[in-house]
1. Say we look at the range 1-22 and pick out the residues that are in contact (Cβ under 8 Å) with a residue 24 or more places away in the chain and touching a helix residue (DSSP H, G or I) at 6+ places or on another chain (Cβ under 6 Å); which of these is surrounded by the fewest Cβ atoms within 10 Å (Cβ to Cβ)?
2. Out of all the residues in the range 356-404, which are of a type in the set (Lys, Arg) and either farther than 23 Å from Val310 by Cβ or surrounded by fewer than 24 Cβ atoms within 10 Å (Cβ to Cβ) (or both)?
3. Does the range 261-291 hold any residues that are assigned to a helix (DSSP H, G or I), surrounded by fewer than 24 Cβ atoms within 10 Å (Cβ to Cβ) and not hydrophobic (A, V, I, L, M, F, W, C), and which are they?
4. Can you name the strands (runs of 3 or more DSSP E) wholly within the range 363-477 that have at least 1 residues being under 24 Å from Gln241 (Cα atoms), among the aromatic types (Phe, Trp, Tyr) and out of contact with any Asp or Glu (no Cβ under 9 Å at 6 or more places or on another chain)?
5. Going through the range 174-218 one residue at a time, which ones are open to solvent by less than 10 Å² (accessible area, probe 1.4 Å), closer than 30 Å to Met64 by Cβ and not β-branched (Val, Ile, Thr)?
6. With respect to Tyr494, is the statement that it is open to solvent by less than 70 Å² (accessible area, probe 1.4 Å), assigned to a strand (DSSP E or B) and touching a strand residue (DSSP E or B) at 6+ places or on another chain (Cβ under 7 Å) true?
7. Report, by residue number, each residue of the range 330-362 that is under 16 Å from Gln390 (Cβ atoms) and part of a loop (DSSP other than H, G, I, E, B).
8. Quick check on the range 68-88: of everything there that is among the basic types (Lys, Arg) and either without any contact (Cβ under 8 Å) to a residue 40 or more places away in the chain or closer than 23 Å to Asn183 by Cβ (or both), which residue is least open to solvent (accessible area, probe 1.4 Å)?
Amino acid sequence: MIYHVAKTGDNHNCGSEEAPFLTIQKAAEAAWPGDTVVVHEGEYREWVRPVRGGISDSCRITYMAARGERVVIKGSERVDWWERIPEGETVWKAVLPDSMFGDWNPYRRTVWGDWVVDPRDYEVHLGEVYLNGKSFYEAQSLEDVLHPRKRQFSAHETWMNRRERILEQEMTIYQWYCKPEENQVIVYANFHGADPNRETVEVNVRKCCFFPEVTGCGYITVRGFELSQAASPWAPPTAAQFGLIGPNWSKGWLIEENRIHDAKCSGVCLGKEVSTGDNEFTKRGFKPGYQYQLEAVFRARQQGWDKEHVGSHTVRHNVIYSCGQNGIVGHLGCIFSEIYENEIFDIAKKHEYYGHEIAGIKLHAAIDVQIVNNYIHDCSLGTWLDWQAQGTRVGRNVYWGNDRDLMVEVTHGPYLVDNNIFTSPFSLVNAAQGGAYVHNLICGFIQHYPVLDRATPYHFPHSTEILGTAVVYGADDRWYQNIFLGGEEDGVDYG
């Protein structure tokens, strides 16, 4: 069965090409394994929550944009009832009722959770304000909106590109500020001469754009869409991980040929669900964070974390950009997946917040994952493989203009890094062992160190079954036929 969705449709229709549905969600409720949902041109402001998936790779549920038509799924709503405030000629306010958001109001929620480090003395909300598609910066006070000043950056400036930081400090920053009140939130924004009621001004209101609320909706294809402007929350490996789009603990998704951008935190999420832990370190703090993460691995294994039920996703031919935390994130749920021929850029470059889970691609437990033929540039960190990167390949990727290109941490291998071009001044962080580095062009410096203060799991080959845990002693790597283009900076290791 082929269902059609169009902006001229009606959800009382049958979903045929002549009588299409109005919303993608209505088609999702109608679709069964083997069906295809064709979405026609227009903006669809909804969170698509598939209620079922396919049953095999050859019997999927496919969601696709109609050929040659631009289909945009947005987590935002347009706001055109701004009022100019008397205190500032270019500052406007809009009153957003709580009824606009349902049970997820991003202007009452903050970037919060395990391994969030900065800021400490003020809050960064999950909300955003966009002017003609460009996101603003959240101000710390209404005074900052009324009188813009050079941004004050966090103590973690070392993650920032120096040239970019200087340019950003010199420019006039578009800023917004929110004031939650009973049953409503007041948002103030400085539009610097633009009339927000004539331009396209949007605020994000939904957590996700395409993400099932239930687990186990496997074998779904999402093809050819533009997905943007979602209030996705901070996604550490010890939380229920959400992204702008993702499979929510299922198997066999194919995410291809999409433009994915402007997630508050993560764009594509291949990660874990809630039952194995949700920010327990931040909520309770009875044990170190890595101990909660270790428990999550063992709990997941008891609850069916294996190749038969989870992972084996394909993320290919997408353009992923302008996300605050990650382009692609995933703990446990990314196993046996393929990530190839994507362009990923402008990840975590606003520097509104900082934590230890930020990268263009950030994966934990990337067992037998293939990261191949991607172009990853202008990110705070290009790719970060953390814990249990076993049987993982990072091959034939081009890294350019990142603060750091590749980091592999507290993993025992074996893993393969081959035929990559690392062009950034800081090329590699190797806090692991069991890696083979083969035929790479490495233009920057390398940092290498053991990690002796925490033991992490390793597995039987090509399996999620846990063989044991150990600390990382390091120095057990193989280096074959790499080209090192070193520098002359004292105290820095090149090659």
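The values are calculated or read from the model by the stated rules, or taken from the named source; none is laboratory data. Keep in mind that what you see is a predicted model, and the values were worked out from it rather than measured. Neighbour counts run over all protein chains shown; Cβ positions are idealised from the backbone, glycine included. Each accessible area value is taken on the protein alone, full model and side chains, heavy atoms only, with ligands, DNA and RNA left out. Shrake-Rupley method; radii C 1.70, N 1.55, O 1.52, S 1.80 Å.
1. Here is the first cut: in the range 1-22, the ones in contact (Cβ under 8 Å) with a residue 24 or more places away in the chain are 1-7.
So of that shortlist, the ones also touching a helix residue (DSSP H, G or I) at 6+ places or on another chain (Cβ under 6 Å) come out as 3, 5.
Values: Tyr3: 23, Val5: 26.
Here the answer is Tyr3.
2. Of everything in the range 356-404, those that are of a type in the set (Lys, Arg) and either farther than 23 Å from Val310 by Cβ or surrounded by fewer than 24 Cβ atoms within 10 Å (Cβ to Cβ) (or both) turn out to be Arg393, Arg396, Arg404.
3. Applying the first criterion (assigned to a helix (DSSP H, G or I)) to the range 261-291 yields 274-276, 280-283, 289-291.
With surrounded by fewer than 24 Cβ atoms within 10 Å (Cβ to Cβ) added as a condition, the list becomes 274-275, 280-283, 289-291.
Within the range 261-291, Ser275, Glu280, Thr282, Lys283, Gly289, Tyr290, Gln291 meet the criteria.
4. Answer list for the range 363-477: 451-459.
5. Glu202, Asn204, Cys208, Cys209, Phe210, Phe211, Pro212, Cys217, Gly218
6. No, not satisfied.
7. Leu332, Gly333, Cys334, Ile335, Phe336, Ser337
8. Taking the candidates together, the pick is Arg78.
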